[in-house]
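K.L.:
If you scroll down you'll find the structure; I have some questions about it.
Bear in mind these aren't lab numbers, they're just calculated from the coordinates by the rules spelled out. The structure presented is a predicted model; accordingly, all values stated were derived computationally and were not measured. Don't worry about glycine lacking a Cβ; one is built from the backbone with ideal geometry, like all the others, and counts go over all protein chains shown.
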Amino acid sequence: MQRSYAVRVLKRDYVGQEACSVARTLEIVGDRWTWLIVRDAFLGLSRFADFRASLGIAPNVLADRLGRLVAEGILERVRYSERPPRDRYTLTEKGEELFVALNALRQWGDRYLCEEPMRLLRRRSDGTPVVAALVPEGTPTLANDELELVPGPGFPPG
């Protein structure tokens, strides 16, 4: 049996909620493909063809999402070949700051949706597992270069 799904589009005018950072953030990163592109960028992908191969996404959808992420300052487009013209996409400082949010989503999914997590986040220096959590402002936090994502139990490296 084939299912049909209605696609809901959030209104872009939030009367009385202009300052709602959740609504405004969802306008930028509120769809599946955008989060998966950001995830893959954190995993080291940077070329259009690599994102497409990893995600199985239609080229027009990928081009649209990459363009929006560049326009929002989350990714930066860097030309790596003139002939033919080819660009790679790298996370900006603004994009790097999505790491905690992305890992909070992963952590929630690992807890409620997966029997075994595909990847585990841990501190590089001693292998201690790391979780996304709320901490008092000013508390020292780990920098991205102090962390590593490793295969979870039952998943091969790579």
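K.L.:
In nm, to one decimal, how far is the modelled label at S54 from the one at L105, with both set 7 Å along Cα→Cβ?
P.N.:
Between S54 and L105, the label points sit 1.3 nm apart.
K.L.:
Would you mind computing, in nm to one decimal, how far apart the modelled labels at R24 and E115 are, each placed 7 Å from Cα along Cα→Cβ?
P.N.:
Label-label distance for R24 and E115, simple model: 4.4 nm.
K.L.:
Over all alpha-carbon pairs in the stretch 98-151, figure out the percentage whose distance exceeds 16 Å.
P.N.:
Working: 627 of 1431 pairs.
The share of Cα pairs beyond 16 Å in the stretch 98-151 comes to 44 percent.
K.L.:
Regarding the stretch 21-95, what are the three Cα extents along the principal axes, ordered largest first, in Å?
P.N.:
Reported extents, whole Å, longest axis first: 41, 25, 21.
K.L.:
Roughly how big is the chain's charge dipole about its Cα centre, with Cβ charges of +1 (Lys, Arg) and -1 (Asp, Glu), in debye to the nearest 20? The partial results should precede the final answer.
P.N.:
On the way: 23 positive and 22 negative charges, 127 e Å.
So the dipole magnitude of the chain works out to roughly 620 debye.
K.L.:
Can you find, among M118, L147, F51, the residue farthest towards the positive end of the dipole of the chain? Put +1 on the C-beta of Lys and Arg, -1 on that of Asp and Glu.
P.N.:
Selected residue: F51.
K.L.:
At V61 and R77, where each label point lies 7 Å from the Cα along Cα→Cβ, what is the point-to-point distance in nanometres?
P.N.:
2.1 nm
K.L.:
A follow-up question, please. What percent does the relative contact order of the chain come to when contacts are Cα pairs within less than 8 Å and at least six residues apart?
P.N.:
On the way: 133 pairs, mean separation 23.4, N = 158.
So the answer I get is 15 percent.
K.L.:
Under the √(5λ) rule applied to the eigenvalues of the Cα gyration tensor, what semi-axes describe the equivalent ellipsoid of the chain? Give them in Å, descending. Before the final figure, lay out each step's value.
P.N.:
Numbers: eigenvalues 134, 103, 77 Å².
Gyration-tensor ellipsoid for the chain: 26, 23, 20 Å.
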